[in-house]
1. In whole percent, and with a 1.4 Å probe on the protein chains, what portion of the accessible area of the range 122-212 is carbon and sulfur?
2. Once the cut-off is 22 Å, how many percent of the Cα-Cα pairs in the range 99-212 end up in the long-distance tail?
3. Spin-label point model (7 Å from Cα, Cβ direction): what's the Ala28 to Ser44 distance in nm?
4. Can you return the aspartates and glutamates within cross-link range of Lys230? Criterion is Cα-Cα under 15 Å, with same-chain partners fewer than 8 residues away left out.
5. Quickly rank 27-38, 222-233 as a protection proxy: mean count of other C-beta atoms within 10 Å, highest first.
6. Just the accessible area for His61, please: 1.4 Å probe, Å², rounded to the nearest 10?
7. Cross-link partners among lysines for Lys94, C-alpha distance below 24 Å, same-chain residues fewer than 8 apart left out?
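The values are calculated or read from the model by the stated rules, or taken from the named source; none is laboratory data. Here the structure is a predicted model, which means the values were calculated and not measured. Every residue, glycine as well, gets a Cβ built from its backbone with ideal geometry; the counts of neighbours run over all protein chains shown. Calculation scope for accessible area: heavy atoms of the full protein, side chains included, ligands and nucleic acids excluded. Shrake-Rupley method; radii C 1.70, N 1.55, O 1.52, S 1.80 Å.
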Amino acid sequence: MTTSSSERGISLGMPELPAPAYPDDVRARLETDARDIIARYPDSRSALLPLLHLVQAEEGHVTRTGMRFCADVLELTTAEVTAVATFYTMYRRKPSGDYQVGVCTNTLCAVMGGDAIFETLQEHLGVGNGETTGDGKVTLEHIECNAACDFAPVVMVNWEFFDNQTPASATRLVDDLRAGRDVEPTRGARLCTFKETARILAGFPDERPGAVEEGGSAGPASLVGLRLAKGETAPARVVHPRAQGSQEAPLAEEGE
């Protein structure tokens, strides 16, 4: 004896309708930007990643409409575009906040306090992983690695670094973001919204005065090994992760 899908509690549902198109004025503007992006590549399909950032900059996440647009301009199937959009975590699949707050919970950051920071922020903001506050300002998520282990525990906001964090400092950070107060990353350029960040990642210039120069480079803790390899022994400024200010810490002499 066999049972139907409905009897087994399985709903096959109706086929999903095609994604709606962008309004004509929006599509015209995006097509102009898309042509600029596609022209950078000898094979047009190589432009898919920046194009996904472009449509993410339009709506704050990658919608079905955005994926349909990418498929149209690149002459791909929506299945091909969806496969890429769902593979990379930098592409959001649902509405998200102006500020993506990512807490590293990988091994070193977790041991140094990343887990405690994430738990504190979940309770303080009243959201879970990947969820957004009611005011639309902050989306909280845990990140596997921010590639900044020498500054653990690290929090990132729209991909800018906030090093050596504690539950208290991270709480102040999200409160400042929600209140619209100026927030300066430990390293890197001043913050902009997630949509603005997505447009920059699509390959368009950061037009904020002085923002490019603010980008900087690796922090002092990241460069100690390089300096040692070059035989340098001058003092380096090392910031203790739990103390205010900095202290002078001489590099080890050869043979010590």
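1. Details: 2170 of 4360 Å².
Carbon and sulfur: 50 percent of the exposed surface of the range 122-212.
2. Working: 1851 of 6441 pairs.
Result: 29 percent of Cα pairs exceed 22 Å.
3. 2.1
4. Glu253, Glu254
5. Details: 27-38: 15.8, 222-233: 12.0.
Those peptides, ordered most packed to least, come out 27-38, 222-233.
6. Here the residue's solvent-accessible area equals roughly 30 Å².
7. Once the sequence-local lysines are set aside, what remains near Lys94 is Lys137, Lys195.
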